[in-house]
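Notes follow once the structure below has been shown.
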Amino acid sequence: MRRPHAGCGGSSVAAFLLAAAAICAQFATGLADDTQTSKDDKKAQSKGHTGQTVLFVLLGIGAAILLSFFLFKYWQKKKREEQHARLLKLFEEDDDIEVELGLRD
């Protein structure tokens, strides 16, 4: 009997990817605003640019960690299913060997 596996839901991965895409789209539209500014504004913009860079790096690292976590859970699930199939195959009755050995007719 198969039991549902709550750790690796496809809908949660899709929701995360959709949210990440929406956030990146918001930043892309903000970065597309390229206007002429004075030197003082450029300094303030430089600090903001550094903050955006740090934010993008942290979002990228977080996305990579989440992706690797879900891939690991998926790999565990597949491995568990494979081991279960091997166990069932090991204990299934194999009448051919008994007939060949003359133990049964």
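Report the label-to-label distance for Arg80 and Leu59 in nanometres (one decimal), using points 7 Å from each Cα along the Cα→Cβ vector.
Roughly 3.3 nm, to one decimal.
Between Leu90 and Ser68, take the C-beta separation as r, use R0 = 35 Å, and let me know the FRET efficiency to the nearest 0.05.
0.60
Here, each number is a calculation from the coordinates, and none is a lab measurement. Fair warning: this is a prediction, and the values are worked out from it, not measured in the lab. Cβ: placed from backbone, ideal geometry, glycine included. Neighbour counts: every protein chain shown.
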